[in-house]
Amino acid sequence: MNKLIVVLLLFLVACQPKQKEIEYGHDECHYCKMMIMENQYGTELVTNKAKIYKFDSVECLIDFFKNGDVKESDAAYILITSFDDPGKLKEARSSFYLHSKKLASPMGMYLTAFETEDGALKAKETYGGKIYNWEMLNRNFDSLK
């Protein structure tokens with residue numbers, strides 16, 4: 001009986017959704033299949049069932065959602081890399097996004113993520129453009145292409 005309890009506990013712990021750091025220069029974008037190279041742009045989706053999808057940009061992440069393979073409601077975590085804090089994953093739904101033709105992103109849509117609105121505003125001073133929150137970005141995404 002004790003072995004069964006241990007096995008069940010191990011199974012429950014193993015299936016808990018958790019993020020996994022992006023291995024830049026090694027991981028491949030789930031959507032476009034390109035190598036994830038730029039540590040200021042990687043994104044990650046972790047489903048409620050602990051499935052991890054990695055992307056090279058916000059564009060690929062949102063396009064993946066729009067394809068309908070995974071719904072946003074199925075996401076335990078939606079993570080971005082903040083341009084001003086490279087290589088570290090942050091919560092996408094509370095982050096801000098600068099759309100500026102003077103700041104190229106990996107997929108050429110000129111979208112760059114920032115953890116804070118202050119960070120996005122500072123970048124806007126340098127690069128110009130328009131700032132979006134997660135909801136606004138998703139609503140206006142197709143018109144930015």
(request) Quick one: in segment 21-48, of everything that is among the hydroxyl-bearing types (Ser, Thr, Tyr), surrounded by 22 or more Cβ atoms within 10 Å (Cβ to Cβ) and closer than 13 Å to Leu89 by Cα, which residue is farthest from the chain's Cα centre (by Cα)? (result) Tyr41
(message) Suppose we filter Asp84, Asp118 for residues that are over 19 Å from Lys20 (Cα atoms) and assigned to a helix (DSSP H, G or I); which single one remains?
(response) Asp118
(message) So, in segment 92-145, exactly how many residues are within 19 Å of Phe65 (Cα to Cα) and hydrophobic (A, V, I, L, M, F, W, C)?
(response) 11
(request) Restrict the check to segment 104-126 and report whether at least one residue is crowded, with 18+ Cβ neighbours inside 10 Å and charged (D, E, K, R). (result) yes
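Within segment 49-63, can one find any residue that is surrounded by 15 or more Cβ atoms within 10 Å (Cβ to Cβ), out of contact with any Cys (no Cβ under 7 Å at 6 or more places or on another chain), of a type in the set (Asp, Glu) and not in a loop (DSSP other than H, G, I, E, B)?
The first filter runs over segment 49-63 and keeps only residues surrounded by 15 or more Cβ atoms within 10 Å (Cβ to Cβ), leaving 52-63.
Subset that is out of contact with any Cys (no Cβ under 7 Å at 6 or more places or on another chain): 52-53, 57-59, 61-63.
Then keep just the ones that are of a type in the set (Asp, Glu); that gives 59, 63.
Filter once more, keeping what is not in a loop (DSSP other than H, G, I, E, B): 59, 63.
Yes: segment 49-63 contains one or more residues that are surrounded by 15 or more Cβ atoms within 10 Å (Cβ to Cβ), out of contact with any Cys (no Cβ under 7 Å at 6 or more places or on another chain), of a type in the set (Asp, Glu) and not in a loop (DSSP other than H, G, I, E, B).
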(request) Please work out which one of (1) part of a strand (DSSP E or B); (2) of a type outside the set (A, V, I, L, M, F, W, C); (3) more than 16 Å from Ala120 (Cα to Cα) is the condition Ser73 fails and give its number. (result) (1)
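Do we find that Lys90 is among the basic types (Lys, Arg) and either part of a strand (DSSP E or B) or on the phi > 0 side of the Ramachandran plot (or both) in this structure?
Numbers: among the basic types (Lys, Arg): yes; either part of a strand (DSSP E or B) or on the phi > 0 side of the Ramachandran plot (or both): yes.
Taking the combined requirement at face value, the residue satisfies it.
Quick note: the coordinates plus some simple rules give every number you see, no bench work behind them. Every value quoted in this text rests on a predicted model; they were computed, and no experiment measured them. FYI the Cβ positions are ideal-geometry reconstructions off the backbone, even for glycines, and counts take in every protein chain you see.
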